[in-house]
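Here is the structure we will look at.
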Amino acid sequence: MKFYGYKRPDGRVGIRNKVLILPASVCASDTTRIISQQVVGSVTFNNQNGCSQVGADQQLTMDVMAGYAANPNVYGTVVVSLGCENCQMDLVVKAISERTNKPIKQVIIQEAGGTLKAIDMAVRYAKEMVAEASLLQKEEFPLSELIVGTECGGSDTTSGLAANPLIGRLSDLLVKEGGTSILSETTEFIGGEHLLARRAATPEIHDRIFEIVHRYEKALQMVGEEVREGNPSPGNKAGGLTTLEEKSLGCIHKGGHTPVNAVYDYAKQVDPKSGLVIMDTPGNDPSSVAAMVAGGAQVVVFSTGRGTPTGNPIAPVIKITGNKLTFATMEDNIDLDASPLIYGTKTMEQLGDELLNLVAEVASGKQTKAESLGYTEMAIARVCNYV
């Protein structure tokens, strides 16, 4: 199976051709919003961080910013900073350059002479990049070039029974094609981490799976909190999930049945053609999706039993549900109905082929429901409070 995408100068393949207006901090976020509104073909996001952060916390933000610019769905990036934030322009540009060699421009608001002059400069840069990007022609590529992020949110009992196992089937098919599938949401491994660890390709990966789970629990306990106080959510419970362990057993189905070949820290660059890998992310949907996209995922497949509109500014998000009532009431948001698996009207093999075909179609340019509605939710994980 093939898809049509854009070959980047760093060798990776994009499925969208966007120009990113990147805010280096919260102080530049409104400016990048105004810039992007004036440039068709550009995207941006609301960066709540970038300043008043300690080192480890700032690194998460830096990794997401660099990863977004390096994501193959992005043609080039215009970085906009205020000028006095912790995430200084030279640091951001250096981090991006370490990941990719794609076009990059810089605008510092304080040095440009204020907001209006910075906007004028950045709009000119962005329009030039959009014009350059428009000249690129799509080429045919194998599915092995895809990195697919997997996520579940607003889960109910049908997520573990149908939607997540279907994503697992997709993961297995993608791995068979030579591609990469990312399993995320560390807090939703709890209670099932031993099942994942059994599938580790090496003893080191086995130990890392336990390490990231225990580290997450301890981090919350250090501030006097317990993960089970916030997970499952009220919506999960209303949907029939009673414990975190029960939710975890559903979540890890998204990883299918192949060996786990690597464990990546939050938002770190994922190697292509790696099979099934894990990324250490929160269960929180926007911050987990952001990390996988920063890691290089060109597309995300997202299961939801209760229904959610979540999207992303860089990568298309394909939404599936195993709840036929949710599909009927939220068809504007859901791309694929997995409930026939529960009712026996379609087999796992049939639905797996449908989902794989849908991924290939989206990779070739078909809009997801989240894209057509303009959903670009965004969050970045935090280590601690602002200073």
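The values are calculated or read from the model by the stated rules, or taken from the named source; none is laboratory data. Values in this document were obtained by computation on a predicted structure and should not be read as measured data. Every residue, glycine as well, gets a Cβ built from its backbone with ideal geometry; the counts of neighbours run over all protein chains shown.
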Yes or no: A24 surrounded by 24 or more Cβ atoms within 10 Å (Cβ to Cβ), within 17 Å of I314 (Cα to Cα), in contact with a Cys (Cβ under 8 Å, 6 or more places away or on another chain) and not polar (S, T, N, Q)?
yes
For the structure I just gave you, tell me whether T186 is buried (at least 20 other Cβ atoms within 10 Å of the Cβ), in contact (Cβ under 8 Å) with a residue 24 or more places away in the chain and not hydrophobic (A, V, I, L, M, F, W, C).
yes
When the range 302-316 is checked residue by residue, the ones that are more than 22 Å from L20 (Cα to Cα) and surrounded by 24 or more Cβ atoms within 10 Å (Cβ to Cβ) are F302, S303, T304, G305, T308
Boolean, Q367 is surrounded by fewer than 21 Cβ atoms within 10 Å (Cβ to Cβ), at pLDDT 95 or above, part of a helix (DSSP H, G or I) and not basic (K, R):
no
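To keep it simple, each residue is scored yes or no on (1) over 18 Å from S29 (Cβ atoms); (2) of a type in the set (D, E); (3) at pLDDT 95 or above.
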position: C87; (1), (2), (3): no, no, yes
position: E98; (1), (2), (3): yes, yes, yes
position: V107; (1), (2), (3): no, no, yes
position: M129; (1), (2), (3): yes, no, yes
position: L135; (1), (2), (3): yes, no, yes
position: T187; (1), (2), (3): yes, no, no
Could you grab me the full set of residues in the range 127-175 that are in a helix (DSSP H, G or I) and touching a Lys or Arg at 6+ places or on another chain (Cβ under 6 Å)?
S144, N164, I167, G168
Where residues in the range 189-224 are modelled with pLDDT of 90 or more and basic (K, R), which of them is farthest from Q269 (Cα to Cα)?
R198
Can T61 be described as surrounded by 19 or more Cβ atoms within 10 Å (Cβ to Cβ), without any contact (Cβ under 8 Å) to a residue 60 or more places away in the chain and either farther than 30 Å from A363 by Cβ or among the hydroxyl-bearing types (S, T, Y) (or both)?
no
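Here is a yes/no grid of residues against (1) more than 27 Å from S287 (Cα to Cα); (2) touching a residue at least 12 places away in the same chain (Cβ under 8 Å):
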| residue | (1), (2) |
| --- | --- |
| D120 | yes, no |
| V123 | yes, yes |
| M129 | yes, yes |
| L136 | yes, yes |
| L146 | no, yes |
| G149 | no, yes |
| G154 | no, yes |
| S159 | no, yes |
| L166 | no, yes |
Condition test on K319, is it under 25 Å from T157 (Cα atoms), modelled with pLDDT of 95 or more, of a type in the set (K, R) and crowded, with 24+ Cβ neighbours inside 10 Å?
yes
Does the range 68-84 include one or more residues that are touching a residue at least 12 places away in the same chain (Cβ under 8 Å), over 25 Å from the mean Cα position of the chain (by Cα) and under 15 Å from T32 (Cα atoms)?
yes
So Q37 clears everything in (1) under 22 Å from V270 (Cβ atoms); (2) surrounded by fewer than 24 Cβ atoms within 10 Å (Cβ to Cβ) except one condition, right? Which one?
(1)
If you check A379 against the conditions, is it within 20 Å of the chain's Cα centre (by Cα), crowded, with 24+ Cβ neighbours inside 10 Å and more than 15 Å from I167 (Cα to Cα)?
no
Of the numbered conditions (1) of a type in the set (A, V, I, L, M); (2) modelled with pLDDT of 95 or more; (3) touching a Pro at 6+ places or on another chain (Cβ under 9 Å), M378 fails exactly one; give the number of that condition.
(2)
Can you confirm whether the range 32-48 contains a residue that is polar (S, T, N, Q) and in contact with a Phe, Trp or Tyr (Cβ under 7 Å, 6 or more places away or on another chain)?
no
